[in-house]
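Just so you know, all these numbers are worked out from the coordinates, no wet-lab data involved. Just so we're clear, the structure is a prediction, and the values are computed from it rather than from any experiment. Here the Cβ is made from the backbone with ideal geometry for all residues, glycine too, and neighbour counts use every protein chain on show.
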Amino acid sequence: MPVMTIAEALREGIREEMRRDPTVYCLGEDIGVPGGFGGAFTVTLGLSDEFGHDRILDTPISEIAIAGVAIGSAMTGMRPIADVQYGDFLFCMMDQLANQAAKMTYMSGGTVKVPMVMRAPVGSTRRGSQHAQSLEAFFTHIPGLKVLAPSTAYDAKGLLKSAVRDDNPVLIFEHKLLYGSKGGRSEQGALSAAGEVPDEEYLVPIGKGIVRREGKDVTIVGKLLTVYRALGAAERLAQEGIDAEVIDPRTLVPLDKELILESVRKTGRLVVVEEDNATHGWAAEIAAFVADEAFFYLDAPIKRVSAPDTPPPFAPPMEAFYVPSVERVIEAVKSLF
Amino acid sequence: MIDMADAPMPTTSVSRMLHLYREMLLIRRFEERCNALFLQGKIPSTLHLYIGQEAVAVGVSSVLREDDYVLGTHRPHGHGLAKGVSPDAMMAELFAKVTGCCKGKGGSMHVGDMSVGAFPAIAIVGANAPIAAGSALSAKMRGTDQVTVAYFGEGGANEGAVHEAMNMAAVLRLPVIFVCENNLYGASTPVSQVVAIAQIADRAAAYGMPGVVVDGNDVIEVARVASVAIERARRGEGPTLIEAMTYRLCGHSRSDACGYRTREEEAEWREKDPLVRLAHQLTTGMQAVDKTALDEIENEVTRRIDQAVAFAEASPSPEPEDALLHVFWENT
């Protein structure tokens, strides 16, 4: 089985879907310009050679129009895969996503559909506050949007293909440190999320989480980069006799609640790790529904490991302090015993 | 600016003019009935009525095909009716009934019916323009010659979304017509306070597309100018910005007593009422029709609206729990 990075796996997923369905196309900034980057993180590199510049469509720097064009084309028979260079730019198109894409099916009484994909890189990577935020939680709060967060190459391809075939607006958040982008677009401090990706076609279903590591003493839930932080913590905790189970929901909306509840019923302890500000956040929501639905299985308080309530800082020591570390996860877990 | 010398002469057969009159009268009487029903407490939502602007939507839609698209605004009843949305389904939506064109989920500001090419109306000012560009791109990619019309006001013209959409449409030569209905006031704010140039259409040059100003209260003129833009778009020559000068002969919304404009100004515009003008054209000159022809249309329109109201009143309300449906497509 070939080994691919996440960037490569996404590219192959897009390629397969575009070959399969002529209504699938990509639009975004710098995605197909000859001699360009293939998108900010090389995901679409080379695709215009096969599909041409009508289907790998380079746009002006106009995030509102990118989103609006995706919506309007999706409502009239196309299946766009749009992207932004940095997730932070989703705020520029917020009305189109939150008021238009998310509400169109609902406010039309279920008479129209918006089968579009919006891809967005997230994560703090030495670019300062405006190219660093982890925005997933914002979008999980908007009914009508599906929100995906693949952390492996296998999942990235399988979830992207499912997203393209879904009849709803789907946001895919991708972590910059997990892409495995090469050459001039490689990232300092990147992890290897490369993995085996089958040659034959497969889909990863939207709404199904996965247990990344089985354990019996504590459940650690993470997403994107923090899955790896959780796995790193679990390895070290094992040496100290604490057997942690690590869960990667993969899809944030709809959330595989049962997978998390099942784990917590087994372990009796829960730590949620996120690279985002804590207040009113994603981890808070996980904690709330577990407290609601599995309170009597809990042996200890639920702990969150989040970024502090600050914008992402630039200086590497401050950034390392901001992004949840393996050490902070270990500390949180130990506080439960 | 489009060189209007190139524009085809309008086809102003009597039967076509009578048809346009009927379409405009349907909107006028629909809106007046809505107003009365609102005052009776039968329509629960706010209303932004299209009274006075009927010639714009009717003129544009009269030269569109059924498979073309329009995207209306927060003042969308006229845009939708002119494109063929059923008065029954629209009235039922205003009554918040389950038989409404949005099953009671949309209300006045979201009426539409994609099966006749009317997008659910977009009530965020200017936000429909990028979506219209997407619809136009879709037509181009699917290899059809459908065109898409985005309506917005002179107030909406100042939204960033409209700027991004116009530039994108021009760069990609998309078959979209931007129709700016300049009714002189964005809610209460006069256009002179929000725009430093003479005409919104002047902005078209900055995007590299034709721009044209038209008397928006002259349905024949609107249709003529729109047909030039539409045929241009169908030929793959890209977008056009049409600025239709018109006037709201009613308040901005149901709570508006129009304290920001003078009664004299309103009286001047009442004389330019598009329905009165078309009626005058129809009943004078060489091909004058008998006034009874207009009376017949009046009666027919009244019956049509009576029927819509009866349908809406007889329709059931949605169940409270229906609020949970249609969040995602698979729930539908």
Only Lys, Arg, Asp and Glu count, each charged at its Cβ (+1, +1, -1, -1), so figure out the dipole size of chain A about its Cα centre, rounded to 20 debye. 180
Selection from B:Thr46, B:Phe119, B:Cys258, by position along the positive dipole direction of chain B (Cβ): B:Phe119
Measure of size requested: the Rg and Dmax of segment A:95-164, with Cα atoms as the atom set and Å as the unit; please supply both. 14.2, 45
Report, as an integer, the average count of C-beta atoms from other chains found within 10 Å of each Cβ along B:120-129. 5
Relative packing of peptides B:263-274, B:280-291, B:195-206, B:27-38 - highest average C-beta neighbours within 10 Å first: B:27-38, B:195-206, B:263-274, B:280-291
Per-residue ³J(HN,Hα) for segment A:112-126, Karplus 6.51 cos²θ - 1.76 cosθ + 1.60, θ = phi - 60°, Hz, x for Gly and Pro: 10, 10, 10, x, 10, 10, 10, 9, 8, x, 10, x, 7, 9, 6
Quick one: which residues, 5+ away or cross-chain, put their amide H under 5 Å from the amide H of A:Gln133? H built at 1.01 Å from N. A:Asp88, A:Gly123
Place a +1 charge on the Cβ of each Lys and Arg in chain B and a -1 charge on the Cβ of each Asp and Glu, then give the dipole magnitude about the Cα centre in debye, rounded to the nearest 20. 240
Which entries in the list A:Lys182/A:Lys266; A:Lys161/A:Lys223; A:Lys157/A:Lys257 go over 31 Å, if you measure between the two C-alpha atoms of each? A:Lys182/A:Lys266
Residue-averaged [θ]222 nm for the protein assembly as shown, counting only DSSP H segments that reach four residues, each worth -39500 (n - 2.57): -11500 deg cm²/dmol
Total charge dipole magnitude, the protein assembly as shown, about the Cα centre, Cβ charges on Lys, Arg, Asp, Glu only, Debye to nearest 20: 240
Amide H to amide H, which residues 5 or more places from A:Leu27 or on other chains are under 5 Å from it, using H placed in the peptide plane? A:Leu57, A:Ile81, A:Ala82, A:Asp83
Any residue on another chain or 5+ positions along whose placed amide H is under 5 Å from the amide H of A:Arg304 is listed here as A:Val272
Using only the alpha carbon atoms of segment A:1-136, find the Kirkwood hydrodynamic radius as the inverse mean reciprocal pair distance, in angstroms to one decimal. 15.5
By its C-alpha gyration tensor, with a ≥ b ≥ c as the square roots of the eigenvalues, how is segment A:1-69 shaped: rounded for a/c under 1.5, else prolate for a/b larger than b/c, else oblate? prolate
Given contacts defined as C-alpha pairs under 8 Å and at least six residues apart, what's the relative contact order of chain A, whole-number percent? 16
log10 of Debye I(q)/I(0), alpha-carbon scatterers only, for segment B:186-263 at 0.17, 0.23, 0.25 Å⁻¹: -0.81, -1.09, -1.16
Report the Stokes-Einstein translational diffusion coefficient (µm² s⁻¹, integer) for segment A:210-334, Rh taken as the Kirkwood radius over Cα pairs, at 25 °C with viscosity 0.890 mPa s. 171
With Cα coordinates, the longest principal axis of chain A makes an angle with the long axis of helix A:282-294, in degrees rounded to 10, of 60
Partner lysines whose C-alpha sits under 28 Å from that of B:Lys103, ignoring same-chain residues fewer than 8 away, are A:Lys103, A:Lys113, A:Lys146, B:Lys42, B:Lys83
Rg/Rh (Cα only; Kirkwood hydrodynamic radius) as it applies to segment B:251-307: 1.13
Based on alpha-carbon centroids, what's the gap between segment B:48-97 and segment B:201-238 in Å, whole number please? 20
Using alpha-carbon coordinates, inclination of helix A:63-74 to the longest axis of chain A, degrees: 70
Convex hull volume per residue in cubic angstrom - Cα atoms of segment A:157-205: 100
Charge dipole of the protein assembly as shown built from unit charges on the beta carbon (Lys, Arg +1; Asp, Glu -1), centred at mean Cα; most positive-end Cα among B:Val179, A:Gly241, A:Gly87 is A:Gly241
C-alpha center-to-center spacing [segment A:274-299, segment B:150-172] in angstrom: 43
Whole-angstrom Cα spans of chain A along principal axes, big to small: 58, 48, 41
Taking every residue of A:87-99, the Cβ atoms of other protein chains inside 10 Å of its Cβ average out to 2
In square nanometres, what is one fourth of the surface area of the convex hull spanned by the alpha carbons of segment B:4-310? 15.4
Spherically averaged projected area of the protein assembly as shown from its Cα convex hull (nm²): 32.3
